[in-house]
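A.B. asks: Can you keep this structure in mind? I'll have questions shortly.
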Amino acid sequence: MKHFVALTALILTASLTAQIEHAPTAAQCQADQRLWLSKIEENPNSTSLPAYSVLTKWELEMGDCQKVDPKNQWVYFNTATEALTVQASRLENFITRHNLYKEFIEEDAAGKR
């Protein structure tokens with residue numbers, strides 16, 4: 001029984017520590033920023049850009065990078081904003097594609113936000 005408890009504690013500890021994400025380094029931030037912005041600027045409507053959820057992760061990392069590498073905070077802010085703009089465009093395209101624009105405008109005017 002002692003072995004079972006010890007093994008269970010070890011597994012739980014390992015699974016919890018595996019989920020902890022560490023802050024990126026300034027070098028990693030700079031490399032990611034250059035790569036991601038180049039992909040977005042190449043063609044913001046491209047299907048080669050990652051999924052919506054991945055763009056959200058990019059935005060979050062760029063926010064972390066502003067703290068890690070404050071001298072480049074505006075560069076990270078710009079990249080996060082570009083990713084957010086791609087997401088907004090995708091949402092608008094979805095609304096239009098599914099003929100939901102009129103319903104959205106009516107609900108927004110009625111204060112449903």
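The values are calculated or read from the model by the stated rules, or taken from the named source; none is laboratory data. Since the structure is predicted, the reported quantities are computational estimates derived from the model, not experimental observations. Quick reminder, even Gly has a Cβ in these numbers, built from the backbone with ideal geometry, and neighbours come from all protein chains shown.
A.B. asks: Give segment 68-79 a look and list any residue that's more than 15 Å from PRO24 (Cα to Cα), among the hydrophobic types (A, V, I, L, M, F, W, C) and surrounded by 14 or more Cβ atoms within 10 Å (Cβ to Cβ), or say none.
C.D. replies: The answer is VAL75, PHE77.
A.B. asks: Under 6 Å by Cβ, and 6 or more places apart or on different chains, what pairs join a residue from segment 96-107 that is assigned to a helix (DSSP H, G or I) with one that is surrounded by 11 or more Cβ atoms within 10 Å (Cβ to Cβ) and not charged (D, E, K, R)?
C.D. replies: Correct list of pairs: TYR101/ILE95; PHE104/ILE95.
A.B. asks: Which of the residues spanning segment 39-62 are surrounded by 12 or more Cβ atoms within 10 Å (Cβ to Cβ), part of a loop (DSSP other than H, G, I, E, B) and either touching a strand residue (DSSP E or B) at 6+ places or on another chain (Cβ under 8 Å) or touching a residue at least 12 places away in the same chain (Cβ under 8 Å) (or both)?
C.D. replies: PRO44, LEU49
A.B. asks: Considering every residue within segment 5-26, establish whether at least one is more than 17 Å from the chain's Cα centre (by Cα) and at pLDDT 95 or above.
C.D. replies: yes
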